[in-house]
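Enquirer: Below are the structure tokens for one structure; questions will follow.
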Amino acid sequence: MSKVARDNSGYEDAVAPFVVAANTQAWRKALNLLYINGSGMVLSEISMPVIVSLDGKEEDVTMSLDLMKGKGATMAPSLATAILTMFMPGLKSLMQNPALAESGSKAGEEKMVQAVFSSFAPVFQHGLDDLAKTLIQSGFTLSDAISVAIFQALSTFRKSQIHVMTDQGEYEDVVRLLRRLDVAHPQIQVSVCPNCANFRLIISRHSPHSEKCAQCGSLWTTLTLYTLENTLSKLKVENSDLPVFISAYLRNKLTYLTAMEEISVYPNAVVNTDEGQVEVDVYLPHFNVAVECKVFRDPFGSFSGPHAGSIVGDLREKIVRLMALGVTDLLIATNLTNEATNKLREELLSDERVRLRLWVLPRDMSSLLGSLDAVADSVGKQVSANFEKALKGTKTATGKESDTPEEDTGPTLPHRREETPPP
Ligand SMILES: [Zn+2]
């Protein structure tokens, strides 16, 4: 007997903007965030995923950055990272501060200012002491140094993230859409003037309107660091965002298709069985459907060489456990290329224990959504067929296998329709 012990359906609200975007054409690109591995988005040791956008051209400010650096000794990259790392814990506690929620009112603004100062106080009291000594010794002015360091650290970090996207244009589109969907918020913005080497460093959730250097009127080159909405941020670090999105998307589709019946969908399900616990990324126990999500840190490099062998081996074992659970239809959503997914599917099916309907999907949101629509349609048809049978008085289970859990044995989902007994 198997039973879903716990799942992440309580977090589906955090991905609601993505479900909306999925039902459009123009906003769908924002969903590509789900194809970035969380560990590739985390800055230094702070477990908070960030994204960085660029306005203007970096090559235009090479001369200016050089001049800013030229005012003193060249700053070591480790020092640049050290400065940024010092600011991040402050930002983190700042964003968790309830005062932020009240910003807009005057009292809220005051609390906000207090929160800023208390968040950064440790940095200024302790962290900067040693740093300041270093900077003074090397002839830097602090603000020049911090701006150059933050600019360079953000630039390096941004390039490493773009590496896992298809191109720079796509990355910027994703960041822009995430911001407009209100799931990404600016935290730090650093601007450098390509013309006069003027600079501007802003720590704010609201980026300013001025796009031009106050000194000479040239357009800034600006890097902006964004953090994600708190719950989404947590899901991203755990790489649970794609499963939770898939679950929310399916639930949304099924609500329309099966208005008469609430379908159980469990993201990040932990299922207790007689043989132990099985984790399923997305589980529809009554229909024996499961989705596994494999979002690789380096999607272009990870599925080759000896590493690929262990990926295939682990997945085969996982599939065997899912089959023992009764799963007959399995979708594997990956961020790999078409070629790599074809190879992966072939290798999985070459194991004679793997006997179920298997789809391995590449990094392509339209193909993933198309497959999820097909799953929803199929579930919807089963439900209406069973409903018709029930109307005709035929006693039948609603597509359930005898060894799968009854609907009421799972945890109570937030979207579950409550049954009210007749008076
Ligand atoms: Zn200027």
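The values are calculated or read from the model by the stated rules, or taken from the named source; none is laboratory data. This one's a predicted model, so the numbers in the text were calculated from it and none came from an experiment. Positions of Cβ are generated from backbone atoms using ideal geometry, with glycine treated the same way; all protein chains shown enter the neighbour counts.
Enquirer: I'm trying to understand the selection: among the residues of the range 252-271, which are at pLDDT 95 or above and either small (Gly, Ala, Ser) or in a helix (DSSP H, G or I) (or both)?
Expert: Matches in the range 252-271: ALA269 only.
Enquirer: Sort out which residues of the range 174-188 are among the β-branched types (Val, Ile, Thr) and either within 14 Å of the ligand (Cβ to nearest atom) or part of a helix (DSSP H, G or I) (or both), and write them in order of number.
Expert: Within the range 174-188, VAL174, VAL175 qualify.
Enquirer: Next question, about the same structure. Which of the residues belonging to the range 194-221 are in a strand (DSSP E or B) and under 24 Å from the mean Cα position of the chain (by Cα)?
Expert: ILE203
Enquirer: Right, another one. Out of SER247, SER191, which single residue is within 16 Å of the ligand (Cβ to nearest atom), of a type in the set (Gly, Ala, Ser), surrounded by 15 or more Cβ atoms within 10 Å (Cβ to Cβ) and not in a loop (DSSP other than H, G, I, E, B)?
Expert: SER191
Enquirer: Any idea how many residues of the range 204-232 are more than 16 Å from the ligand (Cβ to nearest atom), more than 24 Å from LEU369 (Cβ to Cβ) and not hydrophobic (A, V, I, L, M, F, W, C)?
Expert: Total satisfying the criteria: 9.
Enquirer: Also, I was wondering about something else. Taking ALA197 as meeting all but one of (1) surrounded by 22 or more Cβ atoms within 10 Å (Cβ to Cβ); (2) within 16 Å of the ligand (Cβ to nearest atom), write down the number of the exception.
Expert: Condition not satisfied by ALA197: (1).
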